[in-house]
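The values are calculated or read from the model by the stated rules, or taken from the named source; none is laboratory data. All figures in this text were calculated on a predicted structure; none of them were measured in a lab. Here the Cβ positions follow ideal geometry from the backbone for every residue, glycine too, while neighbour counts run over all protein chains shown.
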Amino acid sequence: MLKLSSREANFSERLAALLDFETAQDPAVDTAVADIIQAVKTQGDAALLAYTARFDRVQVAQAADLEITHDELKAAFTRLPAETRSALEAAAGRVRRYHKHQLAHSWEYTEEDGTVLGQKVTALDRVGIYVPGGKAAYPSSVLMNAIPAKVAGVGEVIMVVPTPGGERNDLVLAAAFIAGVDRAFTVGGAQAVAALAYGTATIPAVDKITGPGNAYVAAAKRRVFGIVGIDMVAGPSEILVICDGKTDPDWIAMDLFSQAEHDEIAQAILLCPDANYLAEVEASIGRLLPTMPRRAIIEASLKNRGAMIEVASLEEACQIANYIAPEHLELSVEHPEHYLDQLRHAGAIFMGRFTSESLGDYCAGPNHVLPTSRTARFASPLGVYDFQKRSSLIRVSADGADSLGRIAATLAHGEGLTAHARAAELRLKST
């Protein structure tokens, strides 16, 4: 792993270079995605069948065969070992309970002149959730995307998941059953995003698409934004650990591995004021790495984008963390609450030595779909609020039309919009 010190004269430049990563910007990827989207938009199911055969090596007679029935979802759930079923149900229950706290409700108030102002909150009609199915299967992603939508009151949740070689993952299908997914299709890649955005004879068009994917999925979501809503354009997984040097170094090494094993371009960074402790973690990494089944991926991730950074203090670590704005931030210190007010930018903050990031990925309750690539500076985790929208309510009384109309008319005349002004003035009381 790269070793840095905040005391270095060029530290800021080296840190910026380490973080430099833009999602879905490869021109070749973007060109390919544009062609796929156009084909699905114009050819519908025929294009879906062709791309599914080409990319996933799955050939079916008709597009309807791409759908996974509710009975098949239930059967997958039934096939799971009892312990696995219980774990999925427990995770789903915790995710559902947490997200119920996020529900927004309509409200209104009445002013002295009788004018009523308020906000109407409504759920989206139909959403699509993308579930990766390439390098690994992610039933947790099903729970994290579908459950908030259901809690929000979304009318219909459509799931798309690639099944390379025709291999269907029972965990993913069982998670869809538990989460209440309404319809599911064995389609992936940019073609699945296009189908959800524009609709085909088989797959209905949705209002919003959420869920992570590879560079092609990210590029497709970027392109269809505006036709539909999207949650975010997700980049590689990230973890930033701030440690005071007193946590078991094996724990921290494994926490770094937990994100590095996702992808060769995932990022794992450790900040600590204790140089000796950084050396201990490095030794743990060297000892534990050979035991990991995904060793090659972890090794490439740590080498390409990982770093150990010696800082002057934990307060400085918080300042650096705010600049990095990580997806996952572990605050592995004695009194994490003492530093919480200093941390402004992070997708999720894991407080204390026993709070491993992996618990958040699966079952703590908060959503694991988080802003990446420094977007935590302005973005938030996926939640119920992503599946609700707000409409303003305005009911002006006769007295209100008189008082507000004079204000509006004055401002409208100032902008040169005479019709706006006259519309307000026609409702004024006689002067």
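Quick notes on this structure:
- Residues that are of a type outside the set (Gly, Ala, Ser), crowded, with 23+ Cβ neighbours inside 10 Å and under 16 Å from residue 140 (Cβ atoms), drawn from the range 158-176: 159, 161, 172, 173
- Of the residues making up the range 24-41, those that are touching a Phe, Trp or Tyr at 6+ places or on another chain (Cβ under 9 Å) and surrounded by fewer than 21 Cβ atoms within 10 Å (Cβ to Cβ) are 29, 32, 39, 41.
- Remark: pairs (first residue in the range 169-197, under 28 Å from residue 32 (Cα atoms); second residue acidic (Asp, Glu); Cβ separation under 6 Å; 6+ apart in sequence or on different chains) = 185/67.
- If the condition is being surrounded by fewer than 19 Cβ atoms within 10 Å (Cβ to Cβ) and aliphatic (A, V, I, L, M), then the range 365-403 contributes 379, 393, 394, 396, 398, 401.
- Residues that are more than 30 Å from residue 209 (Cβ to Cβ), without any contact (Cβ under 8 Å) to a residue 60 or more places away in the chain and of a type in the set (A, V, I, L, M, F, W, C) do not occur anywhere in the range 324-332.
- Total residues in the range 226-273 satisfying the condition of being among the β-branched types (Val, Ile, Thr), more than 30 Å from residue 389 (Cβ to Cβ) and at pLDDT 95 or above: the figure is 6.
- Filtered residues of the range 351-365 (kept if without any contact (Cβ under 8 Å) to a residue 24 or more places away in the chain and over 19 Å from the mean Cα position of the chain (by Cα)): 351, 352, 354
- Selection count, the range 1-11, where residues are of a type in the set (A, V, I, L, M, F, W, C) and part of a loop (DSSP other than H, G, I, E, B): 2
One line per residue, one yes/no per condition, for (1) over 20 Å from the mean Cα position of the chain (by Cα); (2) surrounded by fewer than 18 Cβ atoms within 10 Å (Cβ to Cβ):
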site: 225; (1), (2): no, yes
site: 234; (1), (2): no, no
site: 242; (1), (2): yes, no
site: 268; (1), (2): no, no
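- Of residues in the range 286-306 being touching a strand residue (DSSP E or B) at 6+ places or on another chain (Cβ under 9 Å) and hydrophobic (A, V, I, L, M, F, W, C), the one surrounded by the most Cβ atoms within 10 Å (Cβ to Cβ): 298
- Looking across the range 277-287, just one residue is over 24 Å from residue 322 (Cβ atoms) and either within 30 Å of the chain's Cα centre (by Cα) or not in a helix (DSSP H, G or I) (or both), and that is 285.
- Test: residue 411 is hydrophobic (A, V, I, L, M, F, W, C), touching a His at 6+ places or on another chain (Cβ under 9 Å) and surrounded by fewer than 18 Cβ atoms within 10 Å (Cβ to Cβ): yes
- Restricting the range 307-362 to residues that are closer than 22 Å to residue 234 by Cβ and among the charged types (D, E, K, R), the residue that is surrounded by the fewest Cβ atoms within 10 Å (Cβ to Cβ) is 344.
Residue-wise test of (1) without any contact (Cβ under 8 Å) to a residue 40 or more places away in the chain; (2) touching an Asp or Glu at 6+ places or on another chain (Cβ under 9 Å).
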| residue | (1), (2) |
| --- | --- |
| 69 | yes, no |
| 73 | no, no |
| 79 | no, yes |
| 97 | no, no |
| 123 | no, no |
| 128 | no, yes |
| 133 | no, yes |
| 157 | yes, yes |
| 160 | no, no |
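- Residue 149 passes every criterion in (1) within 30 Å of residue 398 (Cβ to Cβ); (2) out of contact with any Asp or Glu (no Cβ under 7 Å at 6 or more places or on another chain) apart from (1).
- Where residue 373 falls short, out of the listed (1) outside any helix (DSSP H, G or I); (2) over 27 Å from the mean Cα position of the chain (by Cα); (3) small (Gly, Ala, Ser): (2)
- Conditions (1) among the hydrophobic types (A, V, I, L, M, F, W, C); (2) in contact with a Gly (Cβ under 7 Å, 6 or more places away or on another chain); (3) more than 27 Å from residue 226 (Cβ to Cβ): number failed by residue 179: (2)
- Residue in the range 93-115 that is of a type in the set (Ser, Thr, Tyr) and within 25 Å of the chain's Cα centre (by Cα) present: yes
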